[in-house]
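What follows is one structure encoded as structure tokens, with my remarks underneath.
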């Protein structure tokens with residue numbers, strides 16, 4: 001009798017383990033598709049904003065980033081319209097809550113930072129304003145990389161973990177040390193539209209690059225896994 005109970009317990013544990021593994025696989029593919037779509041939308045939006053800023057020298061096009069979450073949601077909804085929904089699970093819930101947390105903090109920080117920078121620019125001298133401005137983009141890149149990394153740990157995906165670390169920390173370091181300005185400062189006199197290139201086109205390319213590293217590439221790897 002005791003032997004039968006042990007066998008039953010072992011069998012139950014095997015079934016639970018198999019269900020968790022299958023749930024992780026199903027969620028991984030769904031998350032991979034979502035990351036892939038988010039990466040492509042972010043890359044496309046960044047290039048559009050960079051190009052428009054280059055052509056017009058007007059930073060108002062950066063407001064298009066506010067529409068990006070809705071674009072991602074719309075494209076994801078359209079692409080997944082004929083797919084069976086992923087069954088609810090603890091793993092799927094953890095991934096969803098991780099990215100919901102990112103969306104809340106990133107959007108709130110972006111709004112606050114822009115309002116603060118606008119206030120500082122209107123009430124302080126240019127030298128003081130430059131020192132006090134928050135410049136939220138680098139922090140949002142860091143938050144995005146952190147969420148990608150956490151998702152990788154939840155799904156046990158090394159690709160996702162490393163892409164999140166490289167994309168998040170790499171983007172933060174790039175923006176913190178103004179690598180773009182440093183690289184182009186020596187040839188500033190040779191570029192007729194220096195402001196449009198450095199503040200528009202190049203940042204758009206940088207965003208697209210780190211979106212590819214942190215979102216598109218790991219999403220593609222998860223989407224294709226067997």
Among residues of the range 104-126, those that are farther than 22 Å from residue 147 by Cα and in a helix (DSSP H, G or I), counted: 11
Test: residue in the range 52-60 that is buried (at least 16 other Cβ atoms within 10 Å of the Cβ), in contact with a helix residue (DSSP H, G or I) (Cβ under 6 Å, 6 or more places away or on another chain) and under 20 Å from residue 214 (Cβ atoms): no
Residues being at pLDDT below 80 and either touching a strand residue (DSSP E or B) at 6+ places or on another chain (Cβ under 8 Å) or assigned to a helix (DSSP H, G or I) (or both) - total across the range 65-92: 3
Residue in the range 131-151 that is exposed (fewer than 12 other Cβ atoms within 10 Å of the Cβ) and in a helix (DSSP H, G or I) present: yes
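The values are calculated or read from the model by the stated rules, or taken from the named source; none is laboratory data. Predicted, not measured: the structure shown is a model, and the values here were computed from it. In this analysis, Cβ positions are derived from the backbone assuming ideal geometry, glycine residues included, and neighbour counts consider all displayed protein chains.
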